[in-house]
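Just below is one structure, and these are the notes that go with it.
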Amino acid sequence: MSLDIQARRVLEHMARMGAHLPLQPSVEQLRALQHERTRVFAGTGREMARVEDRTIAGVGVRWYRPEDIDTPSPLLIYCHGGGFVTGDLDTHDVVCRHLADAGRVQVVAVDYRRAPEHPFPAALEDCMSVLTALYHDADGFDIDPERIIVGGDSAGGSLAAVMTQQMRDRAELALAGQLLIYPCTRGDVAPDSPSRRQHAEGYGLTLAGMRWYMEAYAAGHDLYDVRLSPFYTADPAGLPPAFLATAEHDLLRDEGEVYGWRLARHGVMVTQKCYPGTIHACICMDGVLDRGREMLADAAHWLRLYTN
């Protein structure tokens, strides 16, 4: 279907918000714009029993504990989106609060090091450090080690997908699931799929923007490395159950859908849905996009099913 009216209005507003930027904005300007979009488009954050900024394994995290949750409790380790460059704990605070409350899980959002100051593999190393530290001291953190899920959106979805592959290969722990929200599964940026060609410009995330983000993060590393492109894993068998959401008018749509189909063909339990009429980053715009709210609700419902 065509863009829905809400997404169209958001794109028009985004164009006005970015009109003052130079042709080649600085990293600081892009990060400030991301925060401004969050302020304008995000919904109201849900109340938590406790929200705490702390450090785990030398990495900053924000820990969300909802009201009246059983202990030891299930845990979602969340990796924020933003092209490995612009997102942070604050841009995804509303998202994490919603998933914690409606999903009935504790959420640990990882404040991983960002490019270009800290290129690949810094972000992945930080997320893996938090995951392994929490697993190995699950009793101390009052979490159930058999109910740990990793998740994220966009670049964070890529990190989550890679984490599941690495943990399977290490045989170190069995994750309960992976929550992948319009994940970037291919770091290579060739316009070789229908969604990349059809949505290369004019839909928020552009192909040129994606290329810039990946170049900043990869810093010359092979973009076909499965740690940058989980899509290219040789064998997806043995990965944990997945929730995989895509947006119809998103250049990442096809690679997300095909990745989900590959998982399913190799015996992975996959809950997959493409949300019509909407755009990339919609869950961070739940204050103005019905589809963003729907995607968040579906993700939280899946979390309840796989952790409670």
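What the table below lists for this structure:
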{"quantity": "Among residues of segment 16-59, those that are at pLDDT 95 or above and not in a loop (DSSP other than H, G, I, E, B), counted", "calculated": "24"}
{"quantity": "Subset of segment 203-245 (residues that are of a type in the set (D, E, K, R) and assigned to a helix (DSSP H, G or I))", "calculated": "Arg211, Glu215"}
{"quantity": "Any hit, segment 244-265, residues being touching a helix residue (DSSP H, G or I) at 6+ places or on another chain (Cβ under 6 Å), farther than 23 Å from Pro191 by Cα and surrounded by fewer than 24 Cβ atoms within 10 Å (Cβ to Cβ)", "calculated": "no"}
{"quantity": "Odd one out for Tyr213 among (1) more than 18 Å from the chain's Cα centre (by Cα); (2) of a type in the set (Phe, Trp, Tyr); (3) over 23 Å from Tyr64 (Cα atoms)", "calculated": "(1)"}
{"quantity": "Every pair of residues 6+ apart whose Cβ atoms lie under 6 Å, when the first sits in segment 295-308 and is of a type in the set (S, T, N, Q) while the second is crowded, with 22+ Cβ neighbours inside 10 Å and in a helix (DSSP H, G or I)", "calculated": "none"}
{"quantity": "Candidates Ser73, Ser26 - the one that is in contact with a strand residue (DSSP E or B) (Cβ under 7 Å, 6 or more places away or on another chain) and either under 14 Å from Leu134 (Cβ atoms) or small (Gly, Ala, Ser) (or both)", "calculated": "Ser73"}
{"quantity": "Residue in segment 91-99 that is in contact with a Cys (Cβ under 6 Å, 6 or more places away or on another chain), surrounded by 15 or more Cβ atoms within 10 Å (Cβ to Cβ) and either without any contact (Cβ under 8 Å) to a residue 12 or more places away in the chain or not in a helix (DSSP H, G or I) (or both) present", "calculated": "no"}
{"quantity": "Residue within segment 147-158 that is at pLDDT 95 or above, crowded, with 24+ Cβ neighbours inside 10 Å and among the basic types (Lys, Arg) present", "calculated": "no"}
{"quantity": "Candidate set: segment 266-292, residues that are part of a strand (DSSP E or B) and more than 17 Å from the chain's Cα centre (by Cα); chosen: the one surrounded by the most Cβ atoms within 10 Å (Cβ to Cβ)", "calculated": "Gly277"}
{"quantity": "Hey, Ala200 over 15 Å from Asp250 (Cα atoms), hydrophobic (A, V, I, L, M, F, W, C), assigned to a loop (DSSP other than H, G, I, E, B) and touching a residue at least 40 places away in the same chain (Cβ under 8 Å) or not", "calculated": "no"}
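The values are calculated or read from the model by the stated rules, or taken from the named source; none is laboratory data. All values reported here derive from a predicted model rather than from experimental measurement. Neighbour counts are summed over all protein chains in view; Cβ atoms, including those assigned to glycine, are modelled from backbone coordinates with ideal geometry.
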